[in-house]
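Q: Pasting a structure below so you can have a look.
The values are calculated or read from the model by the stated rules, or taken from the named source; none is laboratory data. Note that this is a predicted model, so its numbers are computed, not measured. Here the Cβ positions follow ideal geometry from the backbone for every residue, glycine too, while neighbour counts run over all protein chains shown. The area values use the complete protein model at the heavy-atom level, side chains included, leaving out ligands, DNA and RNA. Shrake-Rupley method; radii C 1.70, N 1.55, O 1.52, S 1.80 Å.
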Amino acid sequence: MGTTASGDTTDFVRPWEYEFANNPDNTTDSTGVFPVPDSNPYHAVVKDGKMYVVDAGGNDIVTYDMTTKQVLDAYVIPQITGVTAITTATDYGMCTNITPPYGPPYCGQTQDTNNTWIYSTESVPVSVRMRPGIDDTIYVARLAGAMWNEAVASILEITLDGDGIPTSHNSVATGFYAIVDFEFYDANTMYVLESNPGSPYIPFSGRLTCVNMTDATQEVVAEGDLSSPSGIAIDGDTVFISNATYDFATPCTGEIIYANLGTTEADTSAATTTSKGMLGLGLVLCALMFAAW
């Protein structure tokens, strides 16, 4: 999207056009309930003359040439299979009086060897990032396209060929519910942001997890101070999070909060800063003190 002198915007690329012309994931819906094809370009990153757009509706990563603006590839992220169907403890009434498999997929499609109802759901990519110092990969956050009752969301490492085209993927961080964004502090440290995590989920909650990329260990570093977070950015030793993004009970309370990485004291130099208190974390890189501005 470009900006003119008048402040108007112009389209740079239109992922929906490619999605509707090609439907790369071959999604169909015999019920006519869901929009197919579907396009929801959610996040993008530019690397080496190419733009990588994660399309949450198309369930793919669309690669554009930055000069010609032409689509070079659409890498479809496979479905997530074997997800446990939601139960009376986690369904909030959505599967009440429904006998699987006669109902929504998340109420149960098939049974496994233990007679547990399971279902498959689309992979929904929501964020794409570059890892510092790593040239032949990009990283993508994906969550389940149906319910978030099971921790099947993950961060994918996408391998690029010599022309910068995605060729394969593997999970480098797993066990999340609803990832909304993530960012790298350095090549070996990643922060993953979730909204409404848990099963059953806690409405308007949030969670920030520090992931050690060398051994895949994880530590939750912030939870109580987060409410419906939606985005994360890291600048030097400071992480910024958009917080209280939505709350139907008390609207218009959104804020940007920040934390100092590698310190144990809040940055109170700004006159508008209000300390929210120590989170009591042990790791140096993952020790955070949140403050609202």
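Q: With +1 on each Lys and Arg Cβ and -1 on each Asp and Glu Cβ, how big is the dipole of the stretch 14-164 about its Cα centre, in debye rounded to the nearest 20?
A: 340 debye
Q: At 1.4 Å probe size, with every protein chain present, just tell me what the per residue accessible area of the stretch 118-223 comes to in Å².
A: In whole numbers, the stretch 118-223 has 35 Å² accessible per residue.
Q: If you don't mind, another one. Could you work out what % of the accessible surface of the stretch 134-265 is carbon and sulfur, using a 1.4 angstrom probe and leaving DNA, RNA and ligands out of the count?
A: Exposed carbon and sulfur together represent 51 percent of the surface.
Q: Further question: Over the stretch 134-221, what is the relative contact order in whole percent, taking alpha-carbon pairs under 8 Å and six or more residues apart?
A: Taking the mean separation of contacting Cα pairs over the length of the stretch 134-221, I get 22 percent.
Q: Once you have the Cα-Cα distance between S168 and M130, take 0.36 nm times their residue separation minus that, and quote the gain in nm to one decimal.
A: 12.1 nm
Q: Separate question: How big is the Rg/Rh ratio for the stretch 45-154, C-alpha atoms only, Rh by Kirkwood, two decimals?
A: My calculation of the ratio gives 1.12.
Q: Using modelled amide H (1.01 Å from N, peptide plane; none on Pro or chain starts), what sits under 5 Å from the amide H of Q109, excluding residues fewer than 5 places away?
A: Amide H to amide H, under 5 Å and 5 or more residues apart or across chains, Q109 pairs with I118, Y119.
Q: If I model the stretch 168-257 as equal point scatterers sitting on the Cα atoms and use the Debye formula, what is log10 I(q)/I(0) at q = 0.19 Å⁻¹?
A: -0.86
Q: Lys and Arg at +1, Asp and Glu at -1: add these up for the other residues within a Cβ distance under 10 Å of N40 and post the number.
A: -3
Q: Rounded if a/c is under 1.5, else prolate if a/b is larger than b/c, else oblate: which is the stretch 89-244, with a ≥ b ≥ c the root eigenvalues of its Cα gyration tensor?
A: Judged from the Cα gyration tensor, the stretch 89-244 comes out oblate (a/c at least 1.5, b/c at or above a/b).
Q: Separate question: On a 1.4 Å probe surface of the protein chains, which of W117, W16, W148 comes out largest in accessible area, and what is the full order?
A: W16, W148, W117
Q: Now for a different question. Hey, any idea what Rg/Rh is for the stretch 41-107, computing Rh the Kirkwood way over Cα pairs?
A: Expressed as Rg/Rh, it is 1.26.
Q: At 1.4 Å probe size, with the rest of the protein present, what percent of the exposed accessible area of the stretch 68-128 is carbon and sulfur atoms?
A: Reported share for carbon and sulfur atoms: 50 percent.
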